[in-house]
1. Residue pairs, Cβ under 7 Å, 6 or more apart or interchain, first in region 19-36 and open to solvent by 70 Å² or more (accessible area, probe 1.4 Å) and part of a helix (DSSP H, G or I), second of a type in the set (A, V, I, L, M, F, W, C) and modelled with pLDDT of 85 or more. List them.
2. Which one of the conditions (1) closer than 18 Å to A204 by Cα; (2) in a helix (DSSP H, G or I); (3) open to solvent by 10 Å² or more (accessible area, probe 1.4 Å); (4) not charged (D, E, K, R) does I264 fail to meet, given that it meets all the rest?
3. If you take the residues of region 205-230 that are at pLDDT 85 or above and either of a type in the set (F, W, Y) or more than 23 Å from L20 (Cβ to Cβ) (or both), which of them is surrounded by the most Cβ atoms within 10 Å (Cβ to Cβ)?
4. So in region 273-305, with the set limited to residues that are of a type in the set (K, R) and open to solvent by 80 Å² or more (accessible area, probe 1.4 Å), which one is modelled with the highest pLDDT?
5. Would you say V202 is outside any helix (DSSP H, G or I), farther than 10 Å from V6 by Cα and open to solvent by less than 50 Å² (accessible area, probe 1.4 Å)?
6. Against the conditions (1) under 13 Å from Y114 (Cα atoms); (2) out of contact with any Pro (no Cβ under 8 Å at 6 or more places or on another chain), where does V259 fall short? Just the number, please.
7. Out of A118, A93, A63, A87, report the one residue that is modelled with pLDDT under 90, surrounded by fewer than 18 Cβ atoms within 10 Å (Cβ to Cβ), at negative phi and of a type in the set (A, V, I, L, M).
8. Pull out all pairs, ordered by first then second residue, where Cβ-Cβ is under 6 Å, the residues are six or more apart or on different chains, the first lies in region 163-178 and is farther than 24 Å from I56 by Cα, and the second is open to solvent by 40 Å² or more (accessible area, probe 1.4 Å) and in a helix (DSSP H, G or I).
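The values are calculated or read from the model by the stated rules, or taken from the named source; none is laboratory data. Values in this document were obtained by computation on a predicted structure and should not be read as measured data. Quick reminder, even Gly has a Cβ in these numbers, built from the backbone with ideal geometry, and neighbours come from all protein chains shown. Protein only, heavy atoms only, side chains kept; ligands, DNA and RNA dropped before computing areas. Shrake-Rupley method; radii C 1.70, N 1.55, O 1.52, S 1.80 Å.
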Amino acid sequence: MSILWVILGLVLLVVGGDFLVKASIALSFKLNISKMVIGMTVVSFATSAPELLVSIQAALNNAPAIAINNVVGSNIANIGLVLGVTALIGPIAVDKSFYKLNWPAMLLFSLILYYFLANDSILSTIEGIILFCMLVVFIIILLKKSNTEVDSEEVSDALAAIGNYKILLWLIIGATALYFGSVWLVDGAKSLAQSLGVSDAVIAVTVIAIGTSVPELAASIIAAAKKEKALSLGNLIGSNIFNIGSVLGLTSIVTAIPVTDIKILNNDIFWMIGFASILLLLILIPKRMQISRYKGLFLVAGYCLFLYFSFK
């Protein structure tokens, strides 16, 4: 039964997230927000909503390990699974903004998160405010560096014609699905962990993390198969930054998140930092500024190794 609740929770999160993204974009057009700003901020926040709801629900439901490892596991899956599998289908070109802004910011957020958690085994309200303020600064720098309109498949001009009542309906559907999806997923994950004899943290860093990465993985595979631009590495790294800055930042502002599973600090978070660090090396070694199929295979193999040690 717990597996059923986890599956239903994930389905509702995917559906709710999709409606919320579309409604947010349509509403942004109504408010005359530029397409560039929508792509870099509105979409990023909306796509982080499922993780945010899960983390807040977990923290309030006495499952802080799920709140933290939901983000840690998602960040690992974004690089090891999503990026790795997409690169296996076709090489991914990397632009210079990767090592000038995006990658250093991702590593900085990861290291600061580790420091906050290792310092006193709790992510406090003040630390959450710091993480969120850092995210705001990152967005401002990002927008200032972008001088041209960003064309994004996620930002469709067709959504500009959506009526107000439809936007309201989408927001209601999205919010309702996200709420019940997060409740069912957290409850199901806790029950699943008990039945398997593992901790909440293990389920969060594996099952929940993979589940919340499936939509992005599916979209990347379909785009790669069609020989389209498979994946923007900048957007993927941006997702990792938003996960730490907005999801954990806002969750800890609502309620402080204690570290209840020491494995988060002495294992899982090092995998997250390790995947973030190795990404720079992979991009600088031949072929430079490209993630080839061999590099993709290396990332997927590393992710499989991470899953093996998580359940061992």
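1. Listed by first residue and then by second, the contacts come to K22/W170; L27/I167.
2. Unmet condition: (3).
3. Initially, region 205-230 is screened for residues at pLDDT 85 or above, giving 205-209.
Now restrict to residues that are either of a type in the set (F, W, Y) or more than 23 Å from L20 (Cβ to Cβ) (or both): 205-206.
Details: V205: 34, T206: 20.
Applying the filter and picking the extreme gives V205.
4. Let us first name the residues in region 273-305 that are of a type in the set (K, R), namely 287-288, 293, 295.
Retained after the next criterion (residues that are open to solvent by 80 Å² or more (accessible area, probe 1.4 Å)): 287-288, 293.
Values: K287: 79, R288: 82, R293: 91.
Only one residue tops the list, namely R293.
5. Working: outside any helix (DSSP H, G or I): no; farther than 10 Å from V6 by Cα: yes; open to solvent by less than 50 Å² (accessible area, probe 1.4 Å): yes.
No.
6. Answer for V259: the failing condition is (2).
7. On the way: A118 fails: modelled with pLDDT under 90; A63 fails: surrounded by fewer than 18 Cβ atoms within 10 Å (Cβ to Cβ); A87 fails: surrounded by fewer than 18 Cβ atoms within 10 Å (Cβ to Cβ).
Exactly one residue qualifies, and that residue is A93.
8. That search, which allows pairs on different chains as well, returns I167/L27.
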